[in-house]
């Protein structure tokens, strides 16, 4: 199974509610504005034979409001709730479109068997142990520590564990159906190579160095002469250490820096990880570490507030990560891009061809509803 990136991850992570059988509202070609207040049992949308009630999205609306209650003026609470209801419905529509497509094309699907297969992951948390929509995921979401507490908190939000289980089944079906409808071809070697060449900048890196520093400050009333004496003493010891251990790639300031240096990382031996040219504020230090041979000590450098001796431990010249090292990464990226494009095309097709009814738009296509401004915001 391919790595499913943002689009489909967001899609199947929507916490949706079960199919609720209710009488379809009369169809209308007009576009009535949504009422100021909606009741929990009120029908707000229909997709094929699927009815959406206010209560199907209200529990999420209540969570959003609770999380942001301090930012909502009391006199705007009802209006804000209506806006969020419409917003949640808009997010819900794509899930309903895909689920309706599944029910149309897979009419012989054994729903009882599907539900039974999903029992274990629903209660155990799925592949991650706390997948959104599962019992552990819901417990994490509402900060519940037991099943009893979870059921109480879900009831307070206007939903139930039974509804959440049906929602999880719908989510799983939607995700599997999308995987079934979208076919991704494995890129050829030539296509991988072409992608690498076209995106070579992404796999290129500038010259970088690892380096170490002895630094003695003379700002804030400290004597520059005293700093000079201290850095000279440290430099002589550093020179002796370099003579004893001249191998490139080996730091030699580990014992000297804690004793002589007052740099911010002196306790760590004054060692700096990979640094790119131009990243240091002090241009003198920046120039020094990118001009010194590996293993060589710099002369004393005066930065205006401190005296420094630096040494390059290791250098990595600019270049590109070899194609062989990123071939698998490119393959996954190309397949994910292809997958996302096809998912978008599949959903766009469903939006164009599927007529829906909503309390905000009347009878229209899903595409028209999802692209028009929110009625409750007008």
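For segment 152-165, the set of residues classified as surrounded by 14 or more Cβ atoms within 10 Å (Cβ to Cβ) and more than 15 Å from residue 63 (Cα to Cα) consists of 161, 163, 165, listed by residue number.
One line per residue, one yes/no per condition, for (1) assigned to a helix (DSSP H, G or I); (2) within 26 Å of the chain's Cα centre (by Cα); (3) under 18 Å from residue 58 (Cβ atoms):
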position	(1), (2), (3)
80	yes, no, yes
103	yes, no, no
107	no, no, no
120	yes, no, no
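Residue 257 meets each of the listed conditions (1) modelled with pLDDT under 90; (2) touching a strand residue (DSSP E or B) at 6+ places or on another chain (Cβ under 8 Å) apart from (1). Give segment 146-180 a look and list any residue that's outside any helix (DSSP H, G or I) and modelled with pLDDT of 95 or more, or say none. Of everything in segment 146-180, just one residue is outside any helix (DSSP H, G or I) and modelled with pLDDT of 95 or more, namely 146.
Just to be sure before I move on: is residue 128 at pLDDT 95 or above, loosely packed, with under 15 Cβ neighbours inside 10 Å and farther than 30 Å from residue 315 by Cα in the structure I sent? No; evaluated as a whole, the condition is false for this residue. Screening 280, 292 for residues that are within 26 Å of residue 317 (Cβ to Cβ), assigned to a loop (DSSP other than H, G, I, E, B), without any contact (Cβ under 8 Å) to a residue 40 or more places away in the chain and in contact with a strand residue (DSSP E or B) (Cβ under 7 Å, 6 or more places away or on another chain) leaves exactly one candidate, 292.
For segment 343-360, the set of residues classified as touching a helix residue (DSSP H, G or I) at 6+ places or on another chain (Cβ under 8 Å) and in a helix (DSSP H, G or I) consists of 343, 344, 346, 347, 348, 350, 351, 352, listed by residue number. Selection over segment 54-78 of residues that are part of a helix (DSSP H, G or I) and closer than 21 Å to residue 140 by Cα gives a count of 13.
Restricting 69, 12, 93 to those that are within 24 Å of residue 368 (Cα to Cα), assigned by TED's automatic domain parsing to the domain that holds residue 137 and at pLDDT 90 or above reduces the list to 93. Only one of the numbered conditions (1) over 30 Å from residue 200 (Cβ atoms); (2) modelled with pLDDT of 95 or more; (3) loosely packed, with under 14 Cβ neighbours inside 10 Å is violated by residue 310, and that is (3).
Being under 47 Å from the mean Cα position of the chain (by Cα), touching a residue at least 12 places away in the same chain (Cβ under 8 Å) and part of a helix (DSSP H, G or I), is that true of even one residue in segment 199-206? Within segment 199-206, one or more residues are under 47 Å from the mean Cα position of the chain (by Cα), touching a residue at least 12 places away in the same chain (Cβ under 8 Å) and part of a helix (DSSP H, G or I).
State whether one or more residues within segment 283-292 are in contact with a helix residue (DSSP H, G or I) (Cβ under 9 Å, 6 or more places away or on another chain) and surrounded by 14 or more Cβ atoms within 10 Å (Cβ to Cβ). Scanning segment 283-292, I find no residue that is in contact with a helix residue (DSSP H, G or I) (Cβ under 9 Å, 6 or more places away or on another chain) and surrounded by 14 or more Cβ atoms within 10 Å (Cβ to Cβ), so the answer is no. Checking every residue in segment 253-267 against the condition of being free of Cβ contacts under 8 Å to residues at least 24 places away in the same chain and over 15 Å from residue 214 (Cα atoms) gives zero matches.
Entry remark, segment 270-302: residues being on the phi > 0 side of the Ramachandran plot and under 36 Å from the mean Cα position of the chain (by Cα) number 2 in total.
Residues in segment 210-231 that are in a strand (DSSP E or B) and surrounded by fewer than 21 Cβ atoms within 10 Å (Cβ to Cβ): 210, 217.
The values are calculated or read from the model by the stated rules, or taken from the named source; none is laboratory data. These numbers were taken from a predicted model, which means no experiment stands behind them. In this analysis, Cβ positions are derived from the backbone assuming ideal geometry, glycine residues included, and neighbour counts consider all displayed protein chains.
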